[in-house]
1. Collect the residues in segment 116-135 that are in a helix (DSSP H, G or I) and out of contact with any Pro (no Cβ under 9 Å at 6 or more places or on another chain), keeping them in residue-number order.
2. Those residues that are closer than 14 Å to V288 by Cβ and surrounded by fewer than 22 Cβ atoms within 10 Å (Cβ to Cβ), I need them from segment 222-237; list them, please.
3. Hey, can you tell me all the residues within segment 145-163 that are modelled with pLDDT under 95 and either under 17 Å from the mean Cα position of the chain (by Cα) or surrounded by 15 or more Cβ atoms within 10 Å (Cβ to Cβ) (or both)?
4. Can you name every residue in segment 256-279 that is in contact with a Leu (Cβ under 7 Å, 6 or more places away or on another chain), at pLDDT 85 or above and among the polar types (S, T, N, Q)?
5. Six or more apart or on different chains, Cβ atoms under 7 Å: show the pairs whose first residue is in segment 126-150 and more than 25 Å from D29 (Cβ to Cβ) and whose second is of a type in the set (K, R).
6. Determine if segment 30-51 includes at least one residue that is at pLDDT 95 or above, in contact with a Gly (Cβ under 9 Å, 6 or more places away or on another chain) and closer than 30 Å to A207 by Cα.
7. Name, by its number, the condition in (1) under 19 Å from the mean Cα position of the chain (by Cα); (2) closer than 23 Å to E162 by Cα; (3) crowded, with 16+ Cβ neighbours inside 10 Å that does not hold for V86.
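The values are calculated or read from the model by the stated rules, or taken from the named source; none is laboratory data. What you see is a predicted model, and the numbers here were worked out from it, not measured in a lab. Methodologically, a virtual Cβ is constructed for each residue, glycine included, from the backbone with ideal geometry; neighbour enumeration extends over all protein chains shown.
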Amino acid sequence: MASGSHIPARYADPQDGATDTDLYSAITDRVLDGQGYYSAVAAEQPLRGYPTQPVFTVREPTLTWLADAVGGDRGLRLVLGALTAVALALLAWQLVDLAPAMGSWLTAFGAAAFTSIAIWASGAELSHEVWAGLFLVMGVSMRRFGVIPWVLCVLFAALFRELAIAVLLLTCLESIVRGRWREVAWSVGALALFSMFYAWHAHEVNAIVAGSGTDSRGWFGWGGWPAVVDGIQFSSPLTLLPFAISAVVVPLALFGWLAQRSPTIDTAVIVLVVAIVLLGVVGRADNVYWGLMFSPLLLSGLGFVPTAVARFVRDLRSSALLRVGSV
């Protein structure tokens, strides 16, 4: 977007025609040529009209470092493909317990797989949100093995996109409320590690800006539920369909998750609560791509809808019978 006349001059927006992918590709190319990550950021972001303050406007270096380690975009794409396959395999295994009926399993897994593969095919290897989202799917899928795989996966997600740290914070709060002190200890440890990493990242960003950077226009778009639907639609094959269809599909998928009961569901719900807050409260209209972190997991909830509806009807009948019996 170009800067509008109503936006103060100290605030920066990407130049017309510029995309985030172009920016991250240019930064990666500089690093592959031997330049340091933060000096590459200092050169490319202002050049392309991107803000450099506050620190959240500069992505963590994890994805660029990985690209450098595997030889650039092609190697990154191969690694992303492998990670997508692992995440989907783990989810397929987990869904056997959550959706034992074949039709439900196929719907749940098909929604997640179709969304993930569509994202991978679109050339999203330079999207930090895509990598974070895959780690969140892996974390939810491995919750059956205990708190350690879950916490580690969320930590990795946050190292690719700091927004995911909200999932770990909510996990820690839930564990405190339920008195699961071992889980609290692991969550606090992961939060401490991330805090040290991000403090170093903030120091490096502030060093390159040195008072001369441009500022972001701020956060808190307060888009509400329509912004949540918009984010999931933008980040999935639903983008090919009218918004009215997404407005039905997204709440149905969320209802499917919320109506289930298991430790895995608890972790999935934490992720989805964070998704709703980030997309519906924090993000601006141009932050719809944040939905890439959540769309595969959320849409897999479509497979749980028949069971959820049946349980809802059964509970409704039981409640009605209790009221009649008490008259």
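1. Pass one, segment 116-135, residues in a helix (DSSP H, G or I): 116-121, 128-135.
Answer for segment 116-135, where residues must be in a helix (DSSP H, G or I) and out of contact with any Pro (no Cβ under 9 Å at 6 or more places or on another chain): I117, W120, A121, H128, E129, V130, W131, A132, F135.
2. Initial filter on segment 222-237 (closer than 14 Å to V288 by Cβ): 223-236.
Matches in segment 222-237: G223, G224, W225, P226, F234.
3. V147
4. none
5. Going by the 7 Å Cβ cut-off, the qualifying pairs are V147/R182; W150/R143.
6. Within segment 30-51, one or more residues are at pLDDT 95 or above, in contact with a Gly (Cβ under 9 Å, 6 or more places away or on another chain) and closer than 30 Å to A207 by Cα.
7. The number of the failed condition is (3).
Here is a yes/no grid of residues against (1) touching a helix residue (DSSP H, G or I) at 6+ places or on another chain (Cβ under 7 Å); (2) buried (at least 16 other Cβ atoms within 10 Å of the Cβ); (3) in contact (Cβ under 8 Å) with a residue 40 or more places away in the chain:
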{"site": "R59", "(1), (2), (3)": "yes, yes, yes"}
{"site": "A69", "(1), (2), (3)": "no, no, no"}
{"site": "L80", "(1), (2), (3)": "yes, yes, yes"}
{"site": "Q94", "(1), (2), (3)": "yes, yes, yes"}
{"site": "L98", "(1), (2), (3)": "yes, yes, yes"}
{"site": "A121", "(1), (2), (3)": "no, no, no"}
{"site": "I165", "(1), (2), (3)": "yes, yes, no"}
{"site": "L170", "(1), (2), (3)": "yes, yes, yes"}
